[in-house]
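The structure under discussion appears below in the form of structure tokens.
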Amino acid sequence: MVTRAEAVTRRLREAILAGGYEPGARLSEVALAEGMAVSRTPVRAALSVLFAEGLLDYEPNCGYVVRRISRDDAAHIYTVRATLEGLAARLAAEIGLGDVERTGFEAILGEMEQLVSGDTWEADQRQRWGELNIAFHGAICAATRNDYLAASIQRTRTLPVLTERGLRTFFAEQAVVWWDRAAYRRSQDDHLDIGEAILARQGARAEAVMREHIERAGRLIHRKLAIRSEALLALP
């Protein structure tokens, strides 16, 4: 059964990752409790959990604030993530997928390919592809049978502004294009190569392709953050 503190934590986490709070925004226990119609106790517990996850910072005389992510932070995070996810891909290939895992993994890849190769590419297709992308990477983590590795990867994937949804919100005022369809196609080609390597038990190849896949995403985000910084400097 989900406790009230867990429910508040999940709700607040989703709001932060969706870009509902600007980086640096102060999160007041009182205001959050009133807004969620709960006592301050579960809010206090939620803020503590989100601080431990790296979503929040704590500033003296201010309290908890949404973590700010600089261009350098993003580069460092993606360097770590590329290493961890590369390791996960290698371990998944070396350990091998069971019959049920293999069927599910192939189904995810198949649906992703069907979406990105279709005649239309609207918001609902992009959203579904994004959900499958999370499932793809999650399936690889699960196949490692290593909860510590999976938890470490999850922390690098759930930081403010570094999710696709968060980036769209973050860049909205500058009308910066996040990913065009060609970028989705490139990403899907990587997925197909990674999947092929894992299913063929080619650990070194799976690791190399996964690392480049994540590093490319990191380079893209670094460029987008640079564009946003330049746009803000140009404002009157």
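The values are calculated or read from the model by the stated rules, or taken from the named source; none is laboratory data. In this text, all values refer to a predicted model and were calculated from it rather than measured experimentally. As a convention, Cβ positions derive from the backbone with ideal geometry for all residues, glycine included, and neighbour counts pool all protein chains shown.
At-a-glance table
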item: Segment 11-34, subset closer than 20 Å to Asp73 by Cβ and aliphatic (A, V, I, L, M), residue surrounded by the most Cβ atoms within 10 Å (Cβ to Cβ); result: Ile16
item: Residue among Glu196, Glu207, Glu173, Glu131 that is surrounded by fewer than 14 Cβ atoms within 10 Å (Cβ to Cβ), modelled with pLDDT of 90 or more and assigned to a helix (DSSP H, G or I); result: Glu131
item: Yes/no for Thr83 being in contact (Cβ under 8 Å) with a residue 40 or more places away in the chain and of a type in the set (S, T, N, Q); result: yes
item: Test set (1) hydrophobic (A, V, I, L, M, F, W, C); (2) surrounded by fewer than 13 Cβ atoms within 10 Å (Cβ to Cβ); (3) over 30 Å from Thr3 (Cβ atoms) - Cys62 fails condition number; result: (3)
item: Filtered residue count, segment 4-49, keeping only those that are of a type outside the set (A, V, I, L, M, F, W, C), touching a strand residue (DSSP E or B) at 6+ places or on another chain (Cβ under 6 Å) and modelled with pLDDT of 90 or more; result: 1
item: Of all residues making up segment 15-31, the number that are without any contact (Cβ under 8 Å) to a residue 24 or more places away in the chain and more than 21 Å from Arg157 (Cβ to Cβ); result: 2
item: Residues located in segment 136-149, provided they are in a helix (DSSP H, G or I) and either of a type in the set (Asp, Glu) or surrounded by 17 or more Cβ atoms within 10 Å (Cβ to Cβ) (or both); result: Phe136, His137, Ala139, Ile140, Cys141, Ala142, Ala143, Asp147
item: Residue satisfying condition, being closer than 30 Å to Ala143 by Cα, of a type outside the set (Phe, Trp, Tyr) and surrounded by 14 or more Cβ atoms within 10 Å (Cβ to Cβ), within set Ala5, Ala89, Ala45; result: Ala89
item: Conditions (1) in contact with a Lys or Arg (Cβ under 7 Å, 6 or more places away or on another chain); (2) more than 27 Å from Ala226 (Cβ to Cβ); (3) not aliphatic (A, V, I, L, M); number of the one not met by Arg102; result: (1)
item: So Thr83, is it within 30 Å of Ile221 (Cβ to Cβ) and of a type outside the set (Lys, Arg); result: yes
